[in-house]
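The values are calculated or read from the model by the stated rules, or taken from the named source; none is laboratory data. Quick caveat: nothing in here was measured; it's all calculated off a predicted structure. We place every Cβ from the backbone using ideal geometry, glycine too, and count neighbours over all the protein chains shown.
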Amino acid sequence: MIDVLVVDDDTRVARVNAAYVAKVPGFRVVATAHSAGEALAHLSGQTVDLVLLDHYLPDGNGLAVVRELRRLGHRTDVIMVTAARDVATVQAAMRQGALQYLVKPFNFAGLRTRLEAYAALRHTLDRGGEAEQAEVDRIFAALSAGTAEPDLPKGHSPTTAEVVRRVLLAAESPLSTQEIAERAGVSRQTAQRYLKLLDRTGRVRLSLRYGETGRPEHRYVWAASGG
């Protein structure tokens, strides 16, 4: 399980965000905090994997909390969840190591895609070892993937598109259409239809592998430039 601390000065918003987190498999909220002091107190007393951090707090701001965490040596990951829209704050969050920046107001789907991308990133990093360029690209692309879904043609399901995307993100090497279909739990024809769409929109890279029959097999990998 990925343990999450939700920090927001508004107790009602904190409850809503905590409820959103609880709906995403693999995540659990271990505490909520409503000020910078409360957040730092929680983090000094227990290990937390991820902080959903508001910027506007009654006794400071979210960026100050991040700076203090890093000063104290905490490696807790941070996703900013805030109404702060000015570019200077966004830039400062990036430079101080926030992994994502989600602007209020947002819905459950907006937070879910970022949490799922974060989980995929942790899965990749937890394997350790060395990484070739393609793996490095997937690591850097993991959090941006899925945050801006393409407009789907009629007859295409956003849910199925997301399942296919997650299969590709989690893959350690290019997959065939059949392998993707099996991992996504869909038919080969369905997988092929969504892969063609993702290929057209630049979200996957297609390569060919030639077997003994001489006929090329299409293999797919998530593209770092796919957003």
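Observations, loosely collected:
- The residues on offer are A39, A84, A93, A14, and the sole one that is in a loop (DSSP other than H, G, I, E, B) and in contact with a strand residue (DSSP E or B) (Cβ under 7 Å, 6 or more places away or on another chain) is A84.
- E116, sole failed condition from (1) modelled with pLDDT under 80; (2) among the acidic types (D, E); (3) surrounded by 20 or more Cβ atoms within 10 Å (Cβ to Cβ): (1)
- In summary, L152 fulfils each of the numbered conditions (1) under 30 Å from V16 (Cβ atoms); (2) at pLDDT 80 or above with the single exception of condition (2).
- Residue check for V167: in a helix (DSSP H, G or I) and at pLDDT below 75: no
- Residue that is in contact (Cβ under 8 Å) with a residue 24 or more places away in the chain, surrounded by 18 or more Cβ atoms within 10 Å (Cβ to Cβ) and among the acidic types (D, E), where the choices are D3, D8, D59: D8
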